[in-house]
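*Asks:* Dumping the structure here so I can ask a few things about it.
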């Protein structure tokens with residue numbers, strides 16, 4: 001029992017709490033919670049703390065502050081596992097998409113619960129969070145994964161504060177591993193032509209053609225319906241996403257409000273889509289009622305799962321002898337090709353659905369040196385009215401090489417019956 005309580009008796013112990021030794025490095029922390037309204041019996045909060053006497057005293061002080069502030073001690077009576085179950089079901093699930101919810105649940109289950117799940121919520125401190133991060137680093141996890149897991153846990157702890165279960169956030173003060181800038185892997189212009197030449201021979205050629213030329217997200221172009229296409233203006237409207245849920249398929253809102261946008265299509269892509277529409281009319285028959293309006297479906301007229309599309313994508317890359325990249329990297333490839341071609345960053349940002357051109361330039365900062373080279377050449381042309389012979393020769397050489405690749409792609413597009421190609425450069 002603490003010395004103050006032993007000296008002054010029960011009144012002090014009820015106000016200041018008690019710390020009772022239960023063996024080596026084990027302490028019983030006891031806090032008076034008042035009398036039961038019905039039985040008038042005294043109620044106590046009891047918790048065993050492992051460690052030094054100072055740690056037990058710090059825990060007692062923390063719990064007394066919670067009590068005196070009028071907050072209940074529910075946070076000290078439930079484990080982190082119990083709280084996370086409640087948080088996921090009542091706070092996270094209603095506001096998250098199905099895919100995001102599964103991601104949150106997976107991160108907590110794999111990286112947080114094994115080490116901290118059985119701990120009492122109120123006993124968590126920054127040192128515990130830091131120790132968990134260190135264990136994840138030793139397991140070889142990437143900095144990005146650790147930061148994602150920390151972000152989810154931090155969101156849960158902030159909700160615990162709003163619910164009155166905690167007075168402070170235990171994730172505050174924990175240092176995160178340094179996030180290295182991941183090298184972006186994209187296809188060059190020549191590789192893009194080789195990819196399209198191979199992809200257009202398959203059932204999924206139109207999907208990849210649209211993805212590479214618009215920079216849309218997989219969840220966006222797989223959710224396109226035929227009414228979203230404006231044939232007269234040559235545009236496509238991004239207004240929804242498609243996601244796989246436990247009970248089947250469903251349409252959802254776009255990632256952000258800014259993601260709702262209109263994108264101009266290249267002429268040859270429009271021709272490819274018109275040919276696809278004609279083939280669908282003749283084929284007919286859909287297993288999912290709403291799949292009939294989808295632009296892209298499987299050969300069995302079902303919605304396309306992005307994971308399965310990614311496997312087909314990998315296969316096409318291998319057949320074309322191209323380096324392996326992710327399906328999502330077609331979005332980065334589209335942006336890279338546009339910026340390299342001199343398209344203003346503001347226009348690229350609008351096409352990608354980014355919040356600002358500044359964000360676009362930050363993501364694709366690896367292109368800035370090349371863009372500066374082009375800017376220097378253009379300004380020199382304006383000032384001097386001419387270009388050096390060396391630069392002119394280099395430009396002519398690149399143009400000839402590009403034209404050879406374009407002819408190869410044009411032949412692949414023409415090989416698609418009814419493609420209605422009207423100029424690849426549109």
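The values are calculated or read from the model by the stated rules, or taken from the named source; none is laboratory data. The model shown is predicted, which means the values in this text are computed figures rather than measured ones. Here the Cβ positions follow ideal geometry from the backbone for every residue, glycine too, while neighbour counts run over all protein chains shown.
*Asks:* Just one of 117, 140 is surrounded by fewer than 20 Cβ atoms within 10 Å (Cβ to Cβ), modelled with pLDDT of 90 or more, more than 30 Å from residue 249 (Cβ to Cβ) and over 23 Å from the mean Cα position of the chain (by Cα); which is it?
*Replies:* On the way: 140 fails: over 23 Å from the mean Cα position of the chain (by Cα).
Answer to the selection: 117.
*Asks:* Please work out which residue is farthest from the chain's Cα centre (by Cα), limiting yourself to region 149-169 and to residues that are touching a residue at least 40 places away in the same chain (Cβ under 8 Å) and closer than 15 Å to residue 113 by Cβ. Lay out the reasoning, then the answer.
*Replies:* So in region 149-169, the residues touching a residue at least 40 places away in the same chain (Cβ under 8 Å) come out as 149, 152-153, 155-156, 159-160, 164-167.
Remaining after also requiring closer than 15 Å to residue 113 by Cβ: 149, 152-153, 156.
Details: 149: 12, 152: 12, 153: 16, 156: 18 Å.
It comes out as 156.
*Asks:* Got a number for residues in region 339-350 being surrounded by fewer than 20 Cβ atoms within 10 Å (Cβ to Cβ) and either touching a helix residue (DSSP H, G or I) at 6+ places or on another chain (Cβ under 7 Å) or not in a loop (DSSP other than H, G, I, E, B) (or both)? Let's see the steps before the verdict.
*Replies:* Pass one, region 339-350, residues surrounded by fewer than 20 Cβ atoms within 10 Å (Cβ to Cβ): 340-344, 346-347, 350.
Still in the running and either touching a helix residue (DSSP H, G or I) at 6+ places or on another chain (Cβ under 7 Å) or not in a loop (DSSP other than H, G, I, E, B) (or both): 340, 342, 346-347, 350.
Count: 5.
*Asks:* Next up: Is there any pair with a first residue in region 117-135 that is within 12 Å of residue 81 (Cα to Cα) and a second that is modelled with pLDDT under 85 and part of a helix (DSSP H, G or I) whose Cβ atoms are under 8 Å apart and which are 6 or more apart or on different chains, and what are they?
*Replies:* Filtered contacts from region 117-135: 120/75; 120/76; 120/77; 121/75; 121/76.
*Asks:* If you don't mind, there's one more thing I want to ask. Looking for something farther than 19 Å from residue 125 by Cα and at pLDDT 85 or above - is there at least one such residue anywhere in region 77-86?
*Replies:* yes
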